[in-house]
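Chemist: Here's a structure for you.
The values are calculated or read from the model by the stated rules, or taken from the named source; none is laboratory data. Computed from a predicted model, the values in this text were never measured in an experiment. FYI the Cβ positions are ideal-geometry reconstructions off the backbone, even for glycines, and counts take in every protein chain you see.
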Amino acid sequence: MRGPKAPMGVTILAYLGFVVALAFGLLGVVALAVSGASQAIAPALPVPFLPAGPLLGAALLAFAALLAATGWGLLRKRPWAWVAALFLVAVSAAGDIARVARRDAGGVAGVLVVAILVWYLLRPEVRAWFSGP
């Protein structure tokens, strides 16, 4: 028999993490495939990101794995997943703050979303969910 269900917000964050992980995974595979195919077909092609393609693809795949693992951990009530979720929100916050600094209006919305996520993850009942038995 399973224990009590995760708070609805935790479940939503977990499944959102799976969706975003899928997107990053697909981007990583495409980056690897495009860089490999382009270098094989036209090695002299003057595309600036081609040399970084394999590195970019690997980084995107690693980030996808982190997102998927965090989603799994959130659903399984793993304390490390709560820490990982806060880390991922902090990474997002850094990007959003950089967008605000460049006067990109989308960054403001991102900062608001990040603030809501931090507020939610730090709520006592959410923290208690991950620290309980």
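Chemist: Scan the stretch 114-132 for residues that are assigned to a helix (DSSP H, G or I), under 18 Å from Ala93 (Cβ atoms) and not aliphatic (A, V, I, L, M) and jot them down.
Modeler: Trp119, Tyr120
Chemist: Right, another one. Residues in the stretch 24-57 that are in a helix (DSSP H, G or I) and at pLDDT below 90: how many? Don't jump to the end; show me each part of the working.
Modeler: Initial filter on the stretch 24-57 (in a helix (DSSP H, G or I)): 24-41, 50-57.
Those still in the list that are at pLDDT below 90 too: 27-41, 50-57.
The total comes to 23.
Chemist: Among the numbered criteria (1) in contact with a helix residue (DSSP H, G or I) (Cβ under 7 Å, 6 or more places away or on another chain); (2) over 21 Å from Met8 (Cβ atoms), which single criterion is violated by Leu117?
Modeler: With (1) in contact with a helix residue (DSSP H, G or I) (Cβ under 7 Å, 6 or more places away or on another chain); (2) over 21 Å from Met8 (Cβ atoms) applied to Leu117, the lone miss is (2).
Chemist: Kindly establish whether Leu86 is within 18 Å of Gly17 (Cβ to Cβ) and at pLDDT 90 or above.
Modeler: yes
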